[in-house]
Amino acid sequence: MSLKKKILSLVLVISWLVLLLLLEGCNLLSSDKTQINQIAENIQKALEEKDVDLFMENISSNYSDEEGGTYDNHINSLPEQLISQIQDAEDLIGNFPLLKIETKVTIPEADLTILDTLATGKMKIEITLKACVAWVICSDLYHDNIEYNVDFIKEDEDWKIISLAE
């Protein structure tokens, strides 16, 4: 094999390795985004099920914020307050079959920045009271949109919320 062919082969192998490393880097970033979006899904499920423990599973035990919130004080009772707000709305609508409460939690990817083991972004919690006819035609009667600036930390292989600020 001539020197020219050896060099060409080496360049091709190196190119393939670089391409594979780039693709793996994208997969890792995508995996991190998926895990962080799972936090939003978990918090939404916790609010729907009124489960404080499920909410707190997404919070780092090292959590702290400017308001004095910690993991131990449940972020100044934030999950309890949100669940109470939803429960109060449900109590108001009582047994009216045309009314329903919807909760949606999102972490928009456009606002998400991930740097190795830290990430920052926004988390939006929407609580909506809807009036529905035959569960097909719905109209919002009340809509509360709460937005938090949120910091995440990667602990071992799991992402957790380390700080929230409204």
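Computed from the coordinates by the stated procedures, all read-outs in this text should not be read as laboratory data. These numbers were taken from a predicted model, which means no experiment stands behind them. FYI the Cβ positions are ideal-geometry reconstructions off the backbone, even for glycines, and counts take in every protein chain you see.
Loop-located chymotrypsin sites (Phe, Trp or Tyr not before Pro) in the stretch 80-166 (DSSP state other than H, G, I, E, B) with a sparse environment of at most 12 neighbouring Cβ atoms within 10 Å: 135.
When the Cα convex hull of the stretch 34-166 is projected onto planes of every orientation, the mean area is 8.7 nm². Measuring r between the beta carbons of residue 109 and residue 80 and using R0 = 30 Å, the FRET efficiency lands at 0.55. For the listed residue pairs 104/154; 33/130; 45/160; 45/154; 124/154; 100/154, the alpha carbons are over 27 angstrom apart in 33/130; 100/154. Evaluating 6.51 cos²θ - 1.76 cosθ + 1.60 at θ = phi - 60° for every residue in the stretch 112-128, the Karplus couplings come out as 9, 10, 10, 10, 6, 10, 10, 8, 9, x, 10, 10, 10, 10, 10, 10, 10 Hz, glycine and proline recorded as x. Exposure proxy for 56, 123: other Cβ atoms within 10 Å of each Cβ, ordered fewest to most, give 56, 123.
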